[in-house]
Amino acid sequence: MIRAYLTLLGANVVYATSYVATRVTLGSVPPATLALARLVIGSLVLAPLARPRASDPTLFDDRRAIALMGILGFAAAYVFAHWGIARSTATNAALLIVVEPVSLMLLSPLYLGERLSRREAMGAALAVAGSALVVLNGIPGVTTLVPHWQGDLLLVLAGLAYASYSLLGRRVLERHGPLRVTARSLVWGAAGILPVAGVEWASGARAAWTATAVAGTLYLAVVITALGYVAWNWALARVPAPRAAIFLNVQPIVGTLLGAALLGEPLTPFTILGGALIVAGLAVAFGPGAR
């Protein structure tokens, strides 16, 4: 379990770098094209590693769940996320991380029958409150209004789509290895995004494959989409979904710090306070004496 927790922590620190990488890459690559490239390259990277062994159970009985994981959790999530980031900021992109853990915590009892303990719920509340401060750069309804509302609305939809991946995949991953499930869901995600990328291409949107665009696409495809999701799925097979969701709140503070350092986006006292609440939430939920 400790290895699973450390994997979740490390995976979410790495995931946090995707906002800056995506923001930069979208300057040269249209959103649907970038999503398709991530999914195709990611599936090609995992394909040689995901070959089934004779003793592995067939994926046939879980084919519908895996297909939905790819279509909703990858294709729809990437479309919403890429268009949302293009219309918002790398810092505000962390808004989807507030939506994703909250969705997992609220829907897991209904869909999976998994609930947080009272202590974990307290830690989750602190972490989500910290995420909200980081993302909204203030106290919601008191000191600030959510800017870039169109982009942020797309990011909210992306958060719901990302949450569906874990909800659908939790039981599947108890029966099958993370490499096979991730690779198969990537293929379905690519199939789901292909028509959208085709419409984007027909509209005249073209990628400019500069060195930065190629490097950004490869980083997002290999590190975030392929390896990152294998790590997440490995841990999700061992940790209940609502508990794993708490670790998602690490992303806003790391993403905001990277946005400030690399893109010059503002860093405020609310960012620092929000980061402190996130750390406190993780300490309450998983510190000494936790279940």
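Values quoted throughout were computed directly from the atomic coordinates according to the rules given, and no laboratory measurement underlies them. Note that this is a predicted model, so its numbers are computed, not measured. Here Cβ is always computed from backbone atoms with ideal geometry, including for glycine, and neighbour counts include all displayed protein chains.
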* Could you order peptides 124-132, 9-17 by the average number of other Cβ atoms within 10 Å of their residues, highest first? => 124-132, 9-17
* Structure fact -> Projecting the Cα atoms of Leu194, Pro48, Ser28 onto the charge dipole of the chain, where Lys and Arg contribute +1 and Asp and Glu -1 at Cβ, the residue farthest towards the positive end is Pro48
* To do: Provide Rg and Dmax in Å for the chain, with only Cα atoms included in the calculation.
  => 18.2, 60
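Order the peptides 51-59, 170-178, 253-261 from the highest to the lowest mean number of other Cβ atoms within 10 Å of their residues. List each step's numbers first, then the result.
Numbers: 51-59: 9.7, 170-178: 18.2, 253-261: 21.2.
Descending mean neighbour count gives 253-261, 170-178, 51-59.
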* Structure fact -> Stokes-Einstein, Kirkwood over Cα pairs, segment 158-247, 25 °C, 0.890 mPa s; D in µm²/s equals 165
